[in-house]
1. Here are some conditions: (1) assigned by TED's automatic domain parsing to the domain that holds residue 165; (2) within 30 Å of residue 217 (Cβ to Cβ). Residue 111 meets all but one. Which one does it not meet?
2. Out of the residues in the stretch 219-253 meeting the condition of being outside any helix (DSSP H, G or I) and surrounded by 15 or more Cβ atoms within 10 Å (Cβ to Cβ), tell me which one is farthest from the chain's Cα centre (by Cα).
3. Considering only residues that are in a loop (DSSP other than H, G, I, E, B) and more than 18 Å from the chain's Cα centre (by Cα), which ones fall in the stretch 1-22?
4. Looking at residue 88, is it buried (at least 19 other Cβ atoms within 10 Å of the Cβ), closer than 30 Å to residue 28 by Cα and within 20 Å of the chain's Cα centre (by Cα)?
5. So which of 213, 209 ends up being more than 25 Å from the chain's Cα centre (by Cα), farther than 26 Å from residue 108 by Cβ and surrounded by fewer than 18 Cβ atoms within 10 Å (Cβ to Cβ)?
6. Name the pairs: first residue in the stretch 134-148 and touching a residue at least 24 places away in the same chain (Cβ under 8 Å), second residue assigned to a helix (DSSP H, G or I), Cβ to Cβ under 8 Å, at least 6 apart or on different chains?
C-alpha cells in the first residue's frame, strides 16, 4: 500500500495526470466488467472480465482482500448500485469507496499509463539456453565438458534442475533483460557471439551456465513481455521516488487502519 501511495504522489514526476472522471470510469469497469464486451452469449462473465473484478483481486502496492461476491451483469451500474456495493464492502472489509478509489483504482490507472508511456513496442532481446545446477563444482565440471565438445542439449537434459526447460535442452527462448533476475540478465546480455558460453553464474536458484543462441537489438515484444518490462519499470520508478520522498520528508501515508473482521455477509448480485 505504501508503494501505491508513492506512485500516486509521484505521478507528476512521470508527466502523468489522472482525473477523478477516469477513476470513476475505471471503478465501474471493475464492478461491472461484463456488459457487451465482458460476457459471453449466455451472459456469463468471461475469464478476462473475472480478472478485472474487485473480487479476490490484489493490485501491487495495495492490501490483499476478498470483496463481497458480485455477479457481473450487462449494462452500467447505477449510483445506487455502486453505493450499495461499497456499503457491504465497507462492512465486511472496512474499506470505503474513497479508500478503494485512492488505494486501488487510481494507482492502477497511473501504473497503466506509466507502462504505456515507457514500455517500447520493441527492445533488445537475447535467445539463450542454460544449465542450472546446485553446486559450483558441478557447474565447473559441466562447463569443461562443454568446452571439450559435449553437446549442450544433452548435458542440460542430464544435469539441469530447471524442469521447465530441461527437456528442451535448456532453451529459454527470446526474452528482454527484465525477464530474468539481475545476475542472470547481466551475464546473458554481455554475451555477443552465437555459441558463446558464460562462466558459472550464481543466482538465488543455483549456478547457471548460459549459452547465447542469437540476439536482436530491436525485437518486438509480446504482450506478456511488455507486461514484464512494464512491471519492472514501474517497480524501479516507485523505488526511486520512494527514496526521493523520504529524503525530502514528503512521503504522506494515508492508509486506513486494518479493520476488525466482520461477520460473513451473503451478497446478492447487483442489478
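The values are calculated or read from the model by the stated rules, or taken from the named source; none is laboratory data. Predicted model, so just to flag it, every value in this text is computed and none were measured. Neighbour counts run over all protein chains shown; Cβ positions are idealised from the backbone, glycine included.
1. Just one mismatch for residue 111, condition (1).
2. Here the residue is 251.
3. 10, 15, 16, 17, 18, 19
4. No; evaluated as a whole, the condition is false for this residue.
5. 213
6. Here the result reads 138/159; 142/155; 142/159; 146/152; 146/155, each pair linking the stretch 134-148 to a residue that is assigned to a helix (DSSP H, G or I).
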